[in-house]
Amino acid sequence: MNKITFHQSNCKKETASAWLLSLLKFACETEYFKDLQDFKLPMIKKDYTIYQKLMTLISSIAVGCESTNDINERLHPEKVAANILGMERFPDQSQINRLLQAMDEENIQQLRQIHHQIFMKHSDSISSAEEMVVDFDQTGLVANGKRWT
């Protein structure tokens, strides 16, 4: 994944995933995450809201985290990307694990409904007769023994 390295005026060096920054900027401009604000989960807010944790979870999938354990290494350091979503930094994996552990069947159904709402709002495939492949996790596709990224 391509990285951008830049220096701020206070000489602080930052490195960020160009792909993730572009994706999150687009998601914010299209209000992609807006429906996630309606997600209800009885959980105490400590440092991050449920909404912020859900955006983090989706972002972790987008950068190719295969499990929540990867969040600390691959996503947590992405301060610029977190800033795009209104956070100083992303929650660490333990906070995302607590979010997932707090969910029950009703919450899973909520997420399914929200996913459907997001899909219906943002999908151009509804009006298309052609087959469409959406690769969301960025781990690459394997076809005929070759890996395509």
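Bear in mind that the values in this text are calculations on the coordinates, not laboratory data. Computed from a predicted model, the values in this text were never measured in an experiment.
What number, in nm² with one decimal, is the all-direction average of the projected area of the convex hull of the alpha-carbon atoms of the range 49-89?
Here the figure is 2.6 nm², rounded to one decimal.
Of Lys34/Lys79; Lys45/Lys121; Lys40/Lys79; Lys79/Lys121; Lys79/Lys146, which pairs sit farther than 24 Å apart, going by alpha carbon to alpha carbon? Result: Lys45/Lys121; Lys40/Lys79; Lys79/Lys121; Lys79/Lys146 exceed 24 Å. Per residue, the convex hull around the alpha carbon atoms of the range 3-116 comes to 109 Å³.
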